[in-house]
Amino acid sequence: MAAWGERLAGVRGVLLDISGVLYDGGEDGGSPIPGSVEAVARLKRSRLKVRFCTNESQKSRGNLVGLLRRLGFDISEGEVTAPAPAASLILKERGLRPHLLVHDGVRSEFDQNDMSNPNCVVIADAGEAFSYQNMNKAFQVLMELENPVLISLGKGRYYKETSGLMLDVGAYTKALEYACGIEAEVVGKPSPEYFRSALKEMAVEAHEAVMIGDDIVGDVGGAQRCGMRALQVRTGKFR
């Protein structure tokens, strides 16, 4: 216990991943990981600031929060850093008009973005929408641009649902990068800017925060590169 006390000395804020840490998703909505509802409640009763930092890109932030509440979690939209709302804001700031290769469940996050005459592609975990036709259309849009911009909502390799491991957006992003000879801009973990935006919302410095996740690259590695401490749980995609 003393060793853990030393490792966590000075921590004022906790960033929690969601998928694989709080719950495993599934066609029926998924199920909470044993002990996770109680763990979040204990953290919120403590002196620590708590924020949820996710790469979820199949659900809007509102729908994700609604699901977690039904599973018993104490969580609000304002406590969640999610890639789709962040990407929508970036598009507006840069005057980008996206061609969307995303899941229908997250399209509402881009309702306020101009999508006429696209000058970039936004790719997310599109699930069954990752058809050849849709991938090829995204490829064609990028290849027609003088300065192609590909924005990927996260870049994970896979994640875990109740039915097993599921291929994530990173594999499809890599395919477009290779075909177009470009490098995607990542909005989501492990992007340093993404972690910094979450820390800003918490009003804590990187050295005062710890990230808890199941992804050794996106969660743990990304957080550590930002100067945070990080813990990997033995649930979700942990192997």
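The values are calculated or read from the model by the stated rules, or taken from the named source; none is laboratory data. It should be emphasised that the depicted structure is a prediction, and the values quoted were computed from it without experimental measurement. Here Cβ is always computed from backbone atoms with ideal geometry, including for glycine, and neighbour counts include all displayed protein chains. Just the protein is used for accessible areas: all its heavy atoms, side chains included, with ligands, DNA and RNA removed. Shrake-Rupley method; radii C 1.70, N 1.55, O 1.52, S 1.80 Å.
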| Scanning for something of a type in the set (A, V, I, L, M, F, W, C), in contact with a Pro (Cβ under 7 Å, 6 or more places away or on another chain) and surrounded by fewer than 22 Cβ atoms within 10 Å (Cβ to Cβ), does the range 101-116 turn up at least one residue? | yes
| Residue satisfying all of: in the range 1-23; in a loop (DSSP other than H, G, I, E, B) and exposed (fewer than 13 other Cβ atoms within 10 Å of the Cβ); modelled with the highest pLDDT among these | Gly10
| Among strands (runs of 3 or more DSSP E) lying entirely in the range 127-239, which contain 3 or more residues that are open to solvent by less than 50 Å² (accessible area, probe 1.4 Å), closer than 24 Å to Gly35 by Cα and in contact with a strand residue (DSSP E or B) (Cβ under 9 Å, 6 or more places away or on another chain)? | 209-213
| query | In this structure, is Gly181 closer than 27 Å to Val121 by Cα, of a type outside the set (Phe, Trp, Tyr) and touching a residue at least 60 places away in the same chain (Cβ under 8 Å)? | reply | no
| request: List the number of the failed condition for Lys59; all other conditions in (1) open to solvent by 10 Å² or more (accessible area, probe 1.4 Å); (2) within 26 Å of Asp111 (Cα to Cα); (3) out of contact with any helix residue (DSSP H, G or I) (no Cβ under 6 Å at 6 or more places or on another chain) hold. | output: (3)
| Unique match (being more than 18 Å from Ala86 (Cβ to Cβ), at pLDDT 95 or above and not basic (Lys, Arg)) among Ala171, Ala124, Ala223 | Ala171
| note | Scanning the range 80-100 for residues that are part of a helix (DSSP H, G or I) and either β-branched (Val, Ile, Thr) or open to solvent by 40 Å² or more (accessible area, probe 1.4 Å) (or both) gives Leu89, Ile90, Lys92, Glu93, Arg94
| said: Pull out all pairs, ordered by first then second residue, where Cβ-Cβ is under 9 Å, the residues are six or more apart or on different chains, the first lies in the range 119-138 and is over 15 Å from Ala179 (Cα atoms), and the second is hydroxyl-bearing (Ser, Thr, Tyr) and open to solvent by 30 Å² or more (accessible area, probe 1.4 Å). | reply: Asp125/Tyr159; Asp125/Tyr172; Ala126/Tyr172; Phe130/Tyr172
| query | List, please: which pairs have Cβ atoms under 9 Å, are six or more places apart or on different chains, and start with a residue in the range 24-37 that is at pLDDT below 90 and end with one that is open to solvent by less than 20 Å² (accessible area, probe 1.4 Å)? | reply | Gly29/Tyr23; Gly29/Leu67
| query | Taking Ser36, is it out of contact with any strand residue (DSSP E or B) (no Cβ under 9 Å at 6 or more places or on another chain) and crowded, with 18+ Cβ neighbours inside 10 Å? | reply | no
| field | From the options Glu109, Glu38, residue that is closer than 20 Å to Ile212 by Cβ, charged (D, E, K, R) and assigned to a helix (DSSP H, G or I) | value | Glu38
